[in-house]
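Asks: One structure follows; several queries about it will come next.
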Amino acid sequence: MGKVVTMYSKTAGKCRKYASIMDSSSIPAISKLGIQGFENSIANAFSATSQATTLLDMNYFQLITSIQFLVVLLTSSVIIQKKRSLVLDNSYLMSAFRNLKSQERQLTAALKVFNAREGILTDKE
């Protein structure tokens, strides 16, 4: 799970570059999303420090493409706590999270196929 920190869109022209944007009317119009990652720790709680960054007591951030962005949560459904963690507010959201988590292998495989199809998500740009 991640909190969107920044968004980028491709500019027009021959040598298209990425430009930071403040909002977008559609997810596919966004080229890349900078997110702060949250890892499921217990029940409906998510921690900003992942297993890989716990020893360093650091948050983890990732740059993802819009095809990797699956669900939008309303801010009213997420409770942000003081110690760099958040809690999903209702059982429907947790069941949606569990459903996506159970399909992680299939989603990863689908993303690999999508990447290989036309090289769309490579960093050659």
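The values are calculated or read from the model by the stated rules, or taken from the named source; none is laboratory data. Please read these numbers as outputs of a predicted model, since none were measured by experiment. Here Cβ is always computed from backbone atoms with ideal geometry, including for glycine, and neighbour counts include all displayed protein chains. Just the protein is used for accessible areas: all its heavy atoms, side chains included, with ligands, DNA and RNA removed. Shrake-Rupley method; radii C 1.70, N 1.55, O 1.52, S 1.80 Å.
Asks: Carbon and sulfur together cover what percent of the accessible area of region 1-43 at a 1.4 Å probe radius? The partial results should precede the final answer.
Replies: Working: 1640 of 2870 Å².
Ligands and nucleic acids excluded, carbon and sulfur give 57 percent.
Asks: Want the number for Gln106 to Asn90: 0.36 nm per residue separation, take away the alpha-carbon distance, what's left?
Replies: Numbers: separation 16, 0.36 × 16 = 5.76 nm, distance 2.57 nm.
Residue separation times 0.36 nm, minus the Cα-Cα distance, leaves 3.2 nm.
Asks: Of the listed values [x] 15.5; [y] 14.3; [z] 16.3, grab the one calculated as Kirkwood radius over Cα pairs in Å from the structure here.
Replies: Matching entry in [x] 15.5; [y] 14.3; [z] 16.3: [z].
Asks: If one takes the longest principal axis of the Cα atoms in the chain, at what angle in degrees, from 0 to 90 and to the nearest 10, does the Cα axis of helix 91-102 lie?
Replies: 60
Asks: Only sites in a loop by DSSP and with at most 13 other Cβ atoms within 10 Å count here; which trypsin sites (Lys or Arg not before Pro) in region 1-83 make the cut?
Replies: Values: sites: Lys3, Lys10, Lys14, Arg16, Lys17, Lys32, Lys82, Lys83; in loops: Lys14, Arg16, Lys17, Lys82, Lys83.
Of the trypsin sites (Lys or Arg not before Pro), the ones in loops of region 1-83 whose Cβ has at most 13 other Cβ atoms within 10 Å are Lys14, Arg16, Lys17, Lys82, Lys83.
Asks: When the helix-only estimate is applied to the chain (DSSP H runs of n ≥ 4, each -39,500 (n - 2.57), divided by the residue count), what is the mean residue ellipticity at 222 nm, nearest 500 deg cm²/dmol? If you can, show how the numbers build up before the last one.
Replies: On the way: 2 runs with 27 residues, N = 125.
After summing the helix terms and dividing by residue count, I get -7000 deg cm²/dmol.
Asks: Please list 3J(HN,Hα) in residue order for region 29-44, calculated via the Karplus relation 6.51 cos²θ - 1.76 cosθ + 1.60 where θ = phi - 60°; whole Hz, with x for glycine and proline.
Replies: Couplings: 6, 8, 7, 9, 10, x, 10, 8, x, 10, 9, 5, 9, 9, 6, 9 Hz.
Asks: Taking amide H positions as placed in the peptide plane 1.01 Å from N, state which residues far from Ser31 in sequence (5 or more) or on other chains have amide H under 5 Å from it.
Replies: Hits under the 5 Å cutoff: Tyr8, Ser9, Lys10.
Asks: Another one. Please compute the per residue accessible area over the chain with all protein chains in place, 1.4 Å probe, rounded to a whole number of Å². Could you put the intermediate results ahead of the total?
Replies: Working: 9230 Å² over 125 residues.
Accessible surface, normalised per residue, equals 74 Å².
Asks: Hey, another quick one. Could you tell me how many degrees, from 0 to 90 and to the nearest 10, lie between the Cα long axis of helix 104-118 and the main elongation axis, the longest principal axis, of the Cα atoms of the chain?
Replies: Tilt relative to the chain: about 10 degrees.
Asks: If you don't mind, there's one more thing I want to ask. Given the Cα-Cα distance of Thr11 and Phe114 and 0.36 nm per residue of separation, how much length would full extension add, in nm?
Replies: Working: separation 103, 0.36 × 103 = 37.08 nm, distance 2.28 nm.
Once the chain is fully extended between Thr11 and Phe114, it gains 34.8 nm.
Asks: Moving to a separate point now. Which number gives the lysine pairs in region 1-119 that have C-alpha atoms under 23 Å apart and are eight or more places apart or on different chains?
Replies: So the count works out to 11.
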